[in-house]
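Quick notes on the structure that follows.
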Amino acid sequence: MPLFKRNIFGQVLFIKKWLIRIFGLISHGRYHRFNNLQIEGSEIIRKLPETNVLFISNHQTYFADVAAMLHVFNAALKGRDDSIKNVGYIWNPKLNIYYVAAGETMRAGLLPKLFAYTGSVSIDRTWRSAGKNVNRQVKMSDISNIGKALKDGWLITFPQGTTTPFKPIRRGTAHIIKTYKPIVVPIVIDGFRRSFDKKGLQIKKRNVLQSMVIKEPLEIDYENEEISEIIKKIQFAIEQDPSFLKVISVEEYAKQEEALNKQRNFWG
């Protein structure tokens, strides 16, 4: 690879690779030492084509969710089965993995700007800005950049557009699916909200069982399914439909916590 070869967004791949390596080495312990990330579905990653793949997921922190996915994807591509043991997989990462992120988040300081260089497709949210609700038009350049990312490789998006659970799915994700017809792979994560702060930069609690379940691609009729139908499929696939909410007794909650604790790895 030429030293100063650039990708479709003008980023120098040599710099991008080293940033992924450095951040990968720093963050690895957050999922494999301080906490325990349990993975399901790594074999699905290895069956995907090189381009036009859209990952949809629920969202729990600003940065830790994406970082975990980059670890899992690269580990799977290097032959790891539901494991991120031996961080050597990060030495030669897949460089055409991108993720959709709010522009204001990725511009808020040096560290987010460095994170953005690892693959952010930054967009201006149409519904919220600077902590306030807004109502503005979609920027066509944002849609175009999403299309570029899918044409070049894989794209991660969080269709709720927020880390708050069980919020509605934004229609924009369904429009992207109808427009670019990608393979849509759902991912369900858990435990990140308990183990990290909201930004996903600081460890809030150790010895938390984190999980990432990669599901089979959705079956979508791109030509005939309505936007509302696709939204419903997304909602169920990432387990954010209101039907997943249930009220349980204190006793049942205690039983679930006890069962979960048995799966956790405690240190020292």
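Just for helices (runs of 4 or more DSSP H) wholly inside region 1-109: which have at least 1 residues that are in contact with a Lys or Arg (Cβ under 8 Å, 6 or more places away or on another chain) and closer than 21 Å to Asp190 by Cβ?
Qualifying helices (runs of 4 or more DSSP H): 13-32, 42-46, 64-77.
Can you name every residue in region 22-34 that is open to solvent by less than 90 Å² (accessible area, probe 1.4 Å), in contact (Cβ under 8 Å) with a residue 40 or more places away in the chain and closer than 14 Å to His71 by Cα?
Phe23, Gly24, Ser27, His28, Arg30, Tyr31, His32
Taking every residue in region 209-223 that is closer than 25 Å to Asp65 by Cα and pairing it with any residue that is open to solvent by 50 Å² or more (accessible area, probe 1.4 Å) and β-branched (Val, Ile, Thr), at least 6 positions away or on another chain, the pairs with Cβ-Cβ distances below 6 Å are Pro217/Ile183. Set side by side, the residues Ser57, Ser42 differ, and just one is of a type in the set (Ser, Thr, Tyr), touching a helix residue (DSSP H, G or I) at 6+ places or on another chain (Cβ under 6 Å), open to solvent by less than 10 Å² (accessible area, probe 1.4 Å) and modelled with pLDDT of 95 or more, which is Ser42.
The values are calculated or read from the model by the stated rules, or taken from the named source; none is laboratory data. None of these values were measured; they are calculated from a predicted model. Every residue, glycine as well, gets a Cβ built from its backbone with ideal geometry; the counts of neighbours run over all protein chains shown. For the accessible areas, the whole protein counts, side chains as well, though only heavy atoms, and no ligand, DNA or RNA atoms are used. Shrake-Rupley method; radii C 1.70, N 1.55, O 1.52, S 1.80 Å.
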